[in-house]
Structure formats: structure tokens, C-alpha cells
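Reviewing the structure listed below.
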Amino acid sequence: MKVLTATQLAQLDAYTIEHEPISSLDLMERAAHALTEAITSISKTDSNFVVFAGPGNNGGDALAVARLLSARFGNVKAYLFNIGGHLSPECEKNRDRLLNEPSSVEFHEITSQFDLPSLSEQNIVVDGLFGIGLNKPVTGGFAMLIKFINRSQATVVSIDVPSGLMCEDNTSNYRAHIIRADYTFTLQAIKPSFLMADNQEFLGKWQVLDIGLLEHDCPISVQYHTSDQSTIKPLLRSRDQYGNKGTFGHGLLIAGSYGMAGAAILAAKACLRSGIGKLTVHTPKTNNAILQQAIPEAVIHHDEENYFFTTSIRTDSFNAMAIGPGLGEKKDTAIAFIGQLSHSKIPTIIDADGLNILAGHKGWIPQIPKDTILTPHPKEFSRLFGESESAFDMLIKVREEAIRSHLFIILKGHYTAICCSDGDICFNTTGNSGMATAGTGDVLTGILLALLSQGYPQKDACRLGVYIHGLAGDLAAEELGEEGMIASDVIKYIPYAFKKLKE
């Protein structure tokens, strides 16, 4: 699914109006019907509605919704804020329709002072104050109204976006001046701000409502996407029925140190469950016995040192490499790490302590081979490339770094962002909070290594790997619940995730 900015949505609106063709007022009416259906689905038969409408098109949507709700429920009050004496044409027409057509809406147009209505838990507030066109923080009387709504016990439903939340960048926004919705019904497409971790508190439960814009016909260049089964399934290759273990690739995993054999085991098991033909794990000698027992399917290659990774190895016989899980950050390990990267010509993933080593030796970052995949969580990214003021600010930094250094950066989180070297950003939609536990990052590294070893291009491997990782977590959560999950549970469900994706 496309994730559209305010500018792109305006272009899409205009394209639809011209090419469907349809008037802007009729398009607003279509949106109002979709919104009314969604609001009705979360309402009770005796619900009382209080609609707050701003002077723009978001307010026009709200007034149309007020009229449609009154036909179903009857108990609707609508407040139109026309403080500046100027309404958008569509908002003005919907106001006039409320005034001139039979309706049970108790309508108030506010032009100066305003007495706040009482709000209780029996009320459903429909928030239509500001839409996606907002480009600066809310202040003054509107900020006071937003605070009043947030303090109330009413159920709050926002139209398109919670008022005060900007469509993309909220780095400099006044967070106290943003509606905290219980439900957000957004029109046609996900907005970028919906996918930022620091904005989740404002959205409540959110849903995209299709209002029939000509999204697939409109020639707009889209930078953000989300992954779902329909877009990921075509990436999955059919398995060669006449293949052998050489057909499905030979991967090299450099992982583990004294006391951190578990990281190597988790990554290796995930890799072996993801279709690879053969896996070699390079690890210190002290881990030999535990790895031989835990992952008998893998080949164990010993480092010259007993307890830590200190010796880089040739990669000529491997199809892909992952390095980092459980390595530690000792001086000799760091030197071996950069030596390994410098001499490797195969597709590579850097994770965990590999990222920590780079953070401690930032001068080595330019030596990372092009098209390498980095898998940081936000704190790891900050240590590598500096602090960010907001989730959106971090996303922009990730994209810039991916383009500048020709890397693929997987910024892990609830909506994991895959930032590609061509500037494309894909947000993953699978996964759950049960995966917020130690070791799940190692599992992702293993899945990615298996896909790269089988010859998947980096972009496809990132999108497919992150999706499968999250889907395996979702399947585990269905059976176990989120609280009881551990990383090994995600590995257990990797085969089922591949199977489900094929269905």
C-alpha cells in the first residue's frame, strides 16, 4: 500500500476530480458516507455526538458526517469554527446544506467567543478541526479546545488525522496541542506520521477508508510504501524441485563469543529454517560443544582464539555472510571485524555487536561494502549516526545515509522501516510486542542470511525477510500470547510463516 504525503494526496484528489470525473463536493459526500459507516460501527444506538468542525475541508467532512449521523441517531450537535470569517468552498456548502435542509442537528457557528459544551463518557466527539493541510503547530483558542477534548471522558473519533498532528514531520510540533483520538478513520491512504513510534499515542485504533480515489492511475512518484501479503508474496521464489543443497546457497555466519553462544544458535537456527542449503558458523572454540549439540545441521568453523572472534576468514566459497550477533567488542575482535569486511566481496549483513563496533570506530563506516544490509534498532542507529529529535527526523537520517553510502538499512521497530539505497522506504506491517525480547534480532539476521545465500537481491531479501520474521512472530503470538514469547518461539514458526505466505 502507498503511504502518501499531504501534497501527494492533494494531487490525487485533483486527478480524481478531473478524470473520474466527479465534483469536489460529491467526492466529499462520498468520503462522508464512508466515515459515517465507520463511526456507526463503533457507536451504540443511544450515542450522543458532538461534532467539532474547522473552517477547511476537514471541517466540511465533519459537517457532512454530522448531517448523515443525525439521520441515523438524531442526537447530534455540531460546532463550526469560523473565527476568521472564511470557509473553504466545500465547508461553506456543507454548512449551508445543514442550515437549509431538514435536519435534527443542533448547529452552532462560532465567530467569536465560545462556551465549551459539557462532555461526558456518553458522548462521541467527532474531531474535524484540522486535516492533513496543517503545517504548523496549533495555538490559541484551538489549542485550548484540543486540551479540553483530551481532558474529557468522551470517546474521540478523528477524521483523517487527529487535529494538530501533521501529515509527515512533527519534530517541532506542540504535542500537548494534538488530539488524542480513540479512533482515527483516515481517508484513502496511510499518512507517514501514522508509522512513527512517537505519534502512536494520538492515533488510537486507526483504519484506512477507501473513498475511490484513482490511486493506481494517478502518475505520482511515491517514496513510502507498506508491505502486505499481496506485495510480498510475488517476491517469494518457487523452490527448485530438482535442486540440491548447493542450489540453495552456502551462508557464512560469524557470531558468538564466550558467554554469547546463544546469539549464534538463534541466528543459525533461523537461517536453517529459512531455506538455505548449507550454513557454516565461524565461532570461538569454546562454543564448539554447545553449537554441535544445538545446531547439528550447521558446519562449525573454529576461530583461532578460544573465547572471541579474532581471525577473519576467506569468503570465496560462500554466497552470503552475516556478522555480529554475540561477537563482543574487544579490540582484537574489532580489528578482525573490519578485516573481514574489507576482504569480503559477497552480500553481507551487519547486526548487533557488528553495529556496536562500527559505532565505536566511525571512521570505518565508509569502508562498509556497497549494498551491505545494516539492521539497527533506534538506539544502535543513534550511536552510529547521531541523535535524532524525533522518529521522523531519524527516518530522514536513515534514508539519507542509505542513499549516501549505498546501503540497505533496516530500522527495527513496530513498523520496521526498510530504507533502500535508491531512497525507497518500505514499512513492514507484521509483528507484535511479544517480539520485543532478547534474541529476536538475531533471528532476523538468520532469515536474511538464508535469503541472500539463495540469491535474493538485497531489496527483496530485506522486504521478504522482515515480513516473514514478523509473520512468524504473529503466528507464535496467536498460540502463546505476546507476554510468554521468546526468540526461539519465532524460529519455531518460521516454516509456518513461509507456508502461510504461499497460501
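Taking H placed 1.01 Å from N in the peptide plane, check which residues at least 5 places from Ala78 or on another chain put their amide H under 5 Å from its amide H. So Ala78 has HN proximity to Val51, Glu106, Phe107, His108.
Note on Asp371, Asp210: ascending count of other Cβ atoms within 10 Å places them as Asp210, Asp371, the fewest first. Taking a ≥ b ≥ c as the square roots of the Cα gyration tensor eigenvalues, the range 2-221 comes out rounded, since a/c falls below 1.5. Counting only residues at least eight positions apart within a chain, or on another chain, the lysines with an alpha carbon under 22 Å from that of Lys44 are Lys77, Lys205. The sum of -39500 (n - 2.57) across all DSSP H runs of n ≥ 4, divided by the residue count of the chain, sets its helix-only mean residue ellipticity at 222 nm to -12000 deg cm²/dmol.
Sequence-ordered 3J(HN,Hα) estimates for the range 183-196 from the Karplus curve with 6.51, -1.76 and 1.60 and θ = phi - 60° stand at 9, 10, 10, 9, 9, 6, 8, 5, 9, x, 5, 5, 9, 8 Hz, glycine and proline given as x. Charge dipole (Cα centre; +1 on Lys/Arg Cβ, -1 on Asp/Glu Cβ; no other charges) of the chain amounts to roughly 1260 debye. As a proxy for reagent exposure, Asp303, Asp351, Asp332 were ordered by neighbouring Cβ count within 10 angstrom, fewest first; the result is Asp332, Asp303, Asp351.
Annotation for Arg314 and Arg404: the two label points, set 7 Å from Cα along the Cα-Cβ direction, are 3.7 nm apart. For a straight C-alpha distance cut-off of 18 angstrom, the aspartates and glutamates reachable from Lys345 (same-chain residues fewer than eight places away being disregarded) are Asp316, Asp371.
With the convex hull of the Cα atoms taken as the outline of the range 229-502, the averaged projected area works out to 13.5 nm². Multiplying the residue separation of Thr171 and Ser342 by 0.36 nm and subtracting their alpha-carbon distance yields 57.8 nm. Of the cross-linked pairs Lys233/Lys379; Lys459/Lys502; Lys2/Lys502, which ones have a Cα-Cα span greater than 26 Å in the structure shown? Distance filter (> 26 Å) returns Lys233/Lys379.
Partners of Lys362 within straight-line reach, counting aspartates and glutamates whose Cα lies under 17 Å from its Cα and excluding those fewer than 8 residues away in the same chain: Glu329, Asp332, Asp351, Asp353, Glu380, Glu387, Glu400, Glu401. With contacts taken as Cα pairs under 8 Å at a separation of at least 6 residues, the range 350-441 carries a relative contact order of 24 percent. Toward the positive end of the charge dipole of the chain, with +1 on the Cβ of Lys and Arg and -1 on the Cβ of Asp and Glu, the farthest Cα among Leu464, Thr348, Val138 is that of Thr348. Would you list Arg314, Arg95, Arg463, Arg237 from fewest to most Cβ contacts within 10 Å? Placing the least packed residue first, the sequence is Arg314, Arg237, Arg95, Arg463. Once percent of Cα pairs over 40 Å apart is calculated for the structure shown, the corresponding label among [x] 33; [y] 20; [z] 40 turns out to be [x]. The Cα-based radius of gyration of the range 315-403, divided by its Kirkwood radius, gives an Rg/Rh of 0.97. Estimated at 0.36 nm per residue, the fully extended path between Glu503 and Lys370 surpasses their Cα-Cα distance by 44.4 nm. Take every Cα pair under 8 Å whose residues are at least 6 apart in sequence, average their separation, divide by the length of the chain, and the relative contact order is 12 percent. Multiplying the residue separation of Glu201 and Lys331 by 0.36 nm and subtracting their alpha-carbon distance yields 42.6 nm.
Among the listed pairs Lys191/Lys278; Lys285/Lys499; Lys191/Lys500, which are separated by more than 32 Å between their Cα atoms? From Lys191/Lys278; Lys285/Lys499; Lys191/Lys500, over 32 Å: Lys191/Lys278; Lys285/Lys499.
Where a number appears in this text, it was derived from the coordinates with a stated rule and is not lab data. Note that the structure is a prediction, hence the values are computed from the model and not measured. As a convention, Cβ positions derive from the backbone with ideal geometry for all residues, glycine included, and neighbour counts pool all protein chains shown.
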